[in-house]
Amino acid sequence: PQAFRNDLIEAGWKIGRSPIYHTVTAADGTVKLLLKLEDNRLIETVGIPVEDEKGSIRLTACVSSQVGCPLRCSFCATGKGGYSRNLQRHEIIEQVLAIEDIFKHRVTNVVFMGMGEPMLNLKSVLDAHRCLNKDVQIGQRMITISTVGVPNTIKKLASHKLQSTLAVSLHAPNQKLREMIVPSAKSYPLDAIMKDCRDYFAETSRRVSFEYALLAGVNDSVEQARELAELLHEWGRGYHVNLIPFNPIEGSEYRRPNKKTVSAFAGALESRKITVSIRQTRGLDASAACGQLRNNFQKSPLIIESDREESQSDVAVAC
């Protein structure tokens, strides 16, 4: 109610949500939003609608957990844009609400796969998770928390015994190649992350999903698929691999593998009894790679000059 909002303002509280700075809609219905935060930094969130055979719509919100990302994975546009800060709980939750406003439809699924490394902001991510589950009423099993791997955090997440899905960005079947693709892997060896995933399953009874971005000529051979299968069998059972054909980004040396290569990689895993899915590319014509759209408007996560001028102008008007 307006009266209650007025009372909150008079009591010194800030109310309202971050405005939408820019919107891009892809041909397949995927919508990417740039939200402008209170400090003028920009973050991305994506709404992905999928209609099933019965006509029901599954609406997934892909949310960011940080402004930028400090981990600088070699294939990711977000890391190329630098890192500024962690998002607060409300800044995560409002991304989901913004997607609901745009689509005029309830968000059914939330994936923490937007800008940033969720495990480096675990407190706010868990606080937002709790609110999305209890207040926005999105089932825990409809929420996925993704990580490229941060030491000691998978254990910490396991202690909360969530029913949500843990998705680990693996991207390579061995330590040497993983370090080339994911620089932070040097501080978190593959054996250590696989042990933590095994322990996570033992504590939560929730299988871990492994994200694997397929990069043409780098990690997409049948031999590497066999090596990946051996790695997963060594560390347990019931794992799932989600193959992600690379989304080209400006300035990247990586290329997207062809469909035949993707199919052969998936087939090699399936023949070794590894459950596989191939992520359908969505929103490719809307700067779909994470961080790509924000980089078009804000080359670094610092306040841009025009925003600083707007901010000063707003203050003058308010006075």
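Figures for the structure shown
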| read-out | value |
| --- | --- |
| Vicinal HN-Hα couplings computed from phi for segment 87-94 (Karplus, 6.51 cos²θ - 1.76 cosθ + 1.60; Hz; Gly/Pro x) | 7, 7, 3, 5, 6, 7, 5, 5 |
| Rounded to the nearest 20 debye, dipole of the chain from Cβ charges on Lys, Arg, Asp, Glu | 860 debye |
| Spatial separation of Cα centroids for segment 187-254 and segment 79-111, in angstrom | 26 Å |
| Among 40-47, 69-76, 20-27, the order from most to least packed when residues are scored by Cβ within 10 Å on average | 40-47, 69-76, 20-27 |
| Helix 222-234 vs. the chain, principal-axis angle (Cα, 0 to 90°, nearest 10) | 80 degrees |
| Surface/4 of the Cα convex hull for segment 17-278, nm² | 13.8 nm² |
| Heavy-atom accessible area per residue - segment 17-278, 1.4 Å, Å² | 44 Å² |
| Relative contact order [Cα under 8 Å, 6+ residues apart], the chain, whole percent | 18 percent |
| HN-Hα J in Hz across segment 182-192 - Karplus 6.51, -1.76, 1.60, θ = phi - 60°, x for Gly and Pro | 10, x, 5, 5, 4, 8, 9, x, 4, 4, 5 |
| D_trans [Stokes-Einstein, Kirkwood Rh over alpha-carbon pairs] for segment 12-129, 10 °C, 1.306 mPa s, µm² s⁻¹ | 108 µm²/s |
| Sequence of K176, K155, K32 from largest to smallest accessible area, 1.4 Å probe | K176, K155, K32 |
| Relative packing of 88-101, 229-242, which averages over residues the other C-beta atoms within 10 Å, highest first | 88-101, 229-242 |
| Fluctuation leader among G16, G139, G217 - the chain, Gaussian network, Cα springs under 10 angstrom | G16 |
| Top of S84, S64, S263 by mean-square fluctuation, Gaussian network on the chain, Cα under 10 Å | S263 |
| Protein-only accessible surface order, largest first, of M119, M113 at 1.4 Å | M113, M119 |
| Between helix 122-134 and the chain: long-axis angle, C-alpha atoms, 0 to 90°, nearest 10 | 80 degrees |
| For Y83, distant residues with modelled amide H under 5 Å away | C69 |
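The values are calculated or read from the model by the stated rules, or taken from the named source; none is laboratory data. Quantities reported herein were computed from a predicted structural model and do not represent experimental measurements. Cβ: placed from backbone, ideal geometry, glycine included. Neighbour counts: every protein chain shown. Note: accessible area is taken over every heavy atom of the protein model, side chains too, but ligands, DNA and RNA are not part of it. Shrake-Rupley method; radii C 1.70, N 1.55, O 1.52, S 1.80 Å.
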